[in-house]
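Notes follow once the structure below has been shown.
The values are calculated or read from the model by the stated rules, or taken from the named source; none is laboratory data. The model shown is predicted, which means the values in this text are computed figures rather than measured ones. As a convention, Cβ positions derive from the backbone with ideal geometry for all residues, glycine included, and neighbour counts pool all protein chains shown. These accessible areas exclude ligands, DNA and RNA; they are computed on the full protein's heavy atoms, side chains included. Shrake-Rupley method; radii C 1.70, N 1.55, O 1.52, S 1.80 Å.
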Amino acid sequence: MISSAEKLKNVKEEIMNLKGKDIRLTVNKGRKKIVKFCGIIENVYPSMFIIKPMEDVDLERTSFSYNDVLCGDISYKTIQ
């Protein structure tokens, strides 16, 4: 079984590899508010990453933690 520390490390590596690439995001903002948009991973830091939307949504440059991905609050797919 993979420990949570290993899962977090895997998520960080995957996001670092996607830096600068177009991705399709689904963000759960709570209270049944789900936002879907295309964006670019602009910067990657040790505890968070920044996404810049390519579409006009109610989010501008926004930072997310890697735990948001682990908890399922954010899901993403690469755009080809």
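The condition of being open to solvent by less than 30 Å² (accessible area, probe 1.4 Å), in a strand (DSSP E or B) and either polar (S, T, N, Q) or in contact with a strand residue (DSSP E or B) (Cβ under 9 Å, 6 or more places away or on another chain) (or both) holds for only one of 51, 40, that being 51. Residue count for the range 55-73 under the criterion of being polar (S, T, N, Q), open to solvent by less than 40 Å² (accessible area, probe 1.4 Å) and at pLDDT 90 or above: the result is 1.
Inside the range 15-37, residues that are open to solvent by 30 Å² or more (accessible area, probe 1.4 Å), β-branched (Val, Ile, Thr) and either touching a residue at least 40 places away in the same chain (Cβ under 8 Å) or within 12 Å of residue 76 (Cα to Cα) (or both) make up a count of 1.
Yes/no matrix, rows are residues, columns are (1) at pLDDT 90 or above; (2) part of a loop (DSSP other than H, G, I, E, B); (3) of a type outside the set (A, V, I, L, M, F, W, C); (4) more than 12 Å from the chain's Cα centre (by Cα):
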site	(1), (2), (3), (4)
11	yes, no, no, no
19	yes, yes, yes, no
24	yes, no, yes, no
32	no, yes, yes, yes
